[in-house]
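Participant: Structure provided below as structure tokens; questions to follow.
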Amino acid sequence: MSEEHAPRPEEDRREFAEETESLWRVTFAPALWALHFLACYGLVSLACARGLFPIGATRAGLVGLTLLVLAGIAWLGWRGFRQWDVHSTGRRANPGGHAEDRHQFLGHAAFLLAIISFIGVIFVSLPLIMLEGCR
Amino acid sequence: MTALACAALPWLAGCAGRQSALAPAGEDAAALHTLFIVMLAGAVVLFVLMNGLFFYLTRINPVALPLRHARLLMAVGGILFPTIVVGTLLVWGLSLLPDQRRPGDGLRLHVTGEQWWWRVEYQPADGGPPVVSPNEIRLPAGQRAELALTSSHVIHSLWIPALGGKMDMFPGRETVMSLRPTEPGSYRGQCAEFCGASHAWMAFEAVVMEPAAFEAWLAAEARDARAPATPEARRGADIFAREGCGACHAVRGTDAQGSLGPDLTHVGSRQSLGAGRLGTGLEDFATWIAHVDALKPEVEMPAYDHLSEPERRALAAYLKGLE
């Protein structure tokens with residue numbers, strides 16, 4: 001067995017830990033989108049069907065939440081874009097199996113998911129902005 | 001090509017008619033019609049453009065695109081353009097929605113879905129007592145009427161395609177729709193939610209009238225039934241009482257006060273029988289009485305096929321006379 005194939009468990013674990021974290025980050029933007037969706041529909045239902053809170057305040061609060069969520073997704077997208085690192089490497093795709101390729105690929109995926117989540121959040125909030133009251 | 005277009009022309013006749021969302025006779029249906037036509041035209045244009053592009057790139061000029069052009073095509077055609085199109089349609093659709101849900105400005109109706117007919121009560125604008133007249137919805141043209149909908153057993157859905165969108169009716173809940181018909185005429189409504197064996201036979205006439213004519217009709221509808229005028233009709237009234245029809249049907253002004261089935265006080269002036277099932281000739285009444293179970297499978301009303309032919313005719317004459 002040659003030197004370069006010798007097992008190096010410590011290094012592997014460190015590397016894997018970093019990528020686990022990066023793998024989690026890929027899910028953050030769609031998760032924000034999902035939570036925003038749940039908050040919008042859930043709170044408007046509670047305001048309209050149960051009358052728990054006034055609908056005007058609910059709408060204003062949810063518009064504020066929407067802006068926060070959009071900012072969060074934009075930040076996640078920016079981080080993903082930086083991790084993808086397309087400008088300095090010039091590599092759009094990362095087909096190689098090296099740690100760096102995996103790292104950049106996960107950044108790329110996070111960036112694209114952030115774009116679609118951003119659009120999704122805007123579409124979910126349009127009825128909130130355009131439809132007045134509970135009718 | 002011309003021959004093909006000519007051959008297709010007769011099919012366009014299917015777009016007109018009394019139960020077509022493509023022949024709108026009201027404000028709400030007109031808005032939906034415009035939305036549909038614009039989306040259809042847009043879809044046709046997109047279909048032709050996409051297939052034209054495929055054809056061009058695979059047959060006419062099958063060269064590899066420069067990478068930069070391909071990426072631009074994907075970013076613009078795959079992300080930017082669909083986002084803008086879907087976003088625009090969403091904004092437009094949402095801007096139409098409040099109009100469809102606008103509260104009424106006059107007449108208010110209560111419609112209850114039954115198995116398989118429509119219980120309809122008109123609440124006049126002047127606050128008088130409600131007027132009961134089932135299986136037909138009459139509306140004054142140029143006014144926005146509000147329909148409060150509910151159901152007694154299962155979920156139904158009220159839909160008059162020529163006048164507006166559909167709205168579900170739930171047992172124990174009230175939903176509201178409003179309609180502003182513009183063209184006087186007779187249209188056909190239909191239950192649009194599967195509700196059992198006779199779902200397809202659960203229809204009704206939707207009659208749009210000039211406001212003055214509507215007021216006159218409503219006043220007439222509020223009156224008690226007229227007494228049978230001919231000897232045959234009087235015999236029919238006796239048979240009606242003898243057979244116990246009044247246990248389920250009301251004929252206001254008589255002993256018949258049942259409320260399980262449709263109110264028959266003015267059944268002779270309706271435009272259909274059995275919730276859009278038959279016409280309103282004498283023969284239709286006689287057929288309905290004898291074969292109701294065949295005409296409307298699983299209906300609650302028993303078929304009175306034990307009545308003799310003359311008895312059926314007499315009963316038909318009585319009911320037809322209830323104008």
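Participant: Rolling a 1.4 angstrom probe over the protein heavy atoms, how many square angstrom per residue are accessible across region B:108-222?
Facilitator: Details: 4070 Å² over 115 residues.
Accessible surface, normalised per residue, equals 35 Å².
Participant: Same structure, new question: Please report, in whole Å, how far the alpha carbons of chain B spread along each principal axis, starting with the longest.
Facilitator: Rounded to whole Å, the extents work out to 91, 45, 35 Å.
Participant: Take peptides B:260-272, A:37-49, A:98-110 and line them up by average Cβ neighbours within 10 Å, highest first, as a rough protection proxy.
Facilitator: My ranking of the peptides, most packed first, is B:260-272, A:98-110, A:37-49.
Participant: Let me ask you something else. Quote the FRET efficiency, to the nearest 0.05, computed for B:L57 versus B:D99 with a Förster distance R0 of 60 Å and r equal to the Cβ-Cβ distance.
Facilitator: The value I calculate is 0.90.
Participant: Determine the share of region B:22-100's accessible area contributed by carbon and sulfur atoms, expressed in whole percent, with a 1.4 angstrom probe. If you can, show how the numbers build up before the last one.
Facilitator: Values: 4420 of 5540 Å².
Of the solvent-accessible surface of region B:22-100, carbon and sulfur hold 80 percent.
Participant: Can you find, among B:G321, B:M167, B:I289, the residue farthest towards the positive end of the dipole of chain B? Put +1 on the C-beta of Lys and Arg, -1 on that of Asp and Glu.
Facilitator: Ranked along the dipole, the leading option is B:M167.
Participant: While we're looking at this one, here's another question. Treating only the Cβ atoms of Lys and Arg (+1) and Asp and Glu (-1) as charged, compute the dipole magnitude of the protein assembly as shown about its Cα centre; round to the nearest 20 debye.
Facilitator: 980
Participant: Another question about this same structure. With charges set only on the Cβ (+1 for Lys and Arg, -1 for Asp and Glu), what does the dipole of region A:69-119 come to about its Cα centre, in debye to the nearest 20?
Facilitator: 60
Participant: Could you give the C-alpha radius of gyration of region B:225-278 expressed as a fraction of 2.2 N^0.38 Å, taking N as the number of residues it contains?
Facilitator: For region B:225-278, the normalised Cα radius of gyration comes out at 1.12.
Participant: Taking N as the number of residues in region B:185-239, what is its Cα Rg relative to 2.2 N^0.38 Å?
Facilitator: Compared with the compact-globule rule of thumb, region B:185-239 sits at 1.69.
Participant: Okay, next question. Give the Kirkwood hydrodynamic radius (Å, one decimal) of the protein assembly as shown, defined as one over the mean of 1/r across all pairs of different Cα atoms.
Facilitator: Value: 27.8 Å, from the Cα pair sum.
Participant: Another question, then. Roughly how large, in nm² to one decimal, is the mean projection of the convex hull of the alpha-carbon atoms in region B:45-184?
Facilitator: That works out to 13.4 nm², a quarter of the Cα hull's surface.
Participant: May I pose another question? Hey, with R₀ at 60 Å, roughly what FRET efficiency would A:H98 and B:T83 work out to, going by the Cβ-Cβ distance, to 0.05?
Facilitator: That pair, A:H98 with B:T83, gives E of 0.95.
Participant: What angle, in degrees between 0 and 90 and rounded to the nearest 10, separates the Cα long axis of helix B:309-320 from the longest principal axis of the Cα atoms of chain B?
Facilitator: Helix B:309-320 sits at roughly 70 degrees to that axis.
Participant: Extent of region B:175-297 along each principal axis, from alpha carbon coordinates, in Å, largest to smallest?
Facilitator: Result for region B:175-297: principal-axis Cα extents of 43, 38, 28 Å.
Participant: On to the next question. Going toward the positive end of the dipole of the protein assembly as shown, with +1 on Lys and Arg Cβ and -1 on Asp and Glu Cβ, which of A:L76, A:L126, B:G17 do you reach last?
Facilitator: Sorting the options by dipole projection puts first A:L76.
Participant: Length gain on complete extension for the stretch B:L46 to B:S152, per 0.36 nm per residue less the alpha carbon to alpha carbon distance?
Facilitator: Residue separation times 0.36 nm, minus the Cα-Cα distance, leaves 33.6 nm.
Participant: Next up: Give the separation of the Cα centroids, region B:250-281 to region B:152-229, in Å.
Facilitator: 15
Participant: Using only the Cα atoms of region B:108-222, each taken as one equal point scatterer with no solvent, compute I(q) by the Debye sum, divide by I(0), and report log10 of the ratio at q = 0.09, 0.13, 0.15, 0.20 Å⁻¹.
Facilitator: Result of the Debye calculation: -0.21, -0.44, -0.60, -1.06.
Participant: Starting from the eigenvalues of the Cα gyration tensor, five times each then square-rooted, give me the equivalent ellipsoid semi-axes of region B:22-100, largest first, whole Å.
Facilitator: 36, 16, 4
Participant: Let me ask something else. Determine, at each q value in 0.11, 0.17 (inverse angstroms), the log₁₀ of I(q)/I(0) that the Debye formula gives when each Cα of region A:25-130 is one equal point scatterer.
Facilitator: The Debye formula, applied to the Cα set alone, gives -0.43, -0.75.
Participant: Cα gyration tensor of region B:231-320, axes a ≥ b ≥ c as square roots of the eigenvalues: rounded (a/c below 1.5), prolate (a/b > b/c) or oblate?
Facilitator: rounded
Participant: OK, next. With charges only on Cβ, +1 for K and R and -1 for D and E, what is the dipole size of region A:26-114 about its Cα centre, in debye, rounded to 20?
Facilitator: So the magnitude is around 160 debye.
The values are calculated or read from the model by the stated rules, or taken from the named source; none is laboratory data. Just so you know, these numbers come straight off a predicted model, no measurement behind them. All Cβ positions, glycine included, derive from the backbone under ideal geometry; neighbour counts span all protein chains shown. With ligands, DNA and RNA removed, areas are computed over all heavy atoms of the protein, side chains included. Shrake-Rupley method; radii C 1.70, N 1.55, O 1.52, S 1.80 Å.
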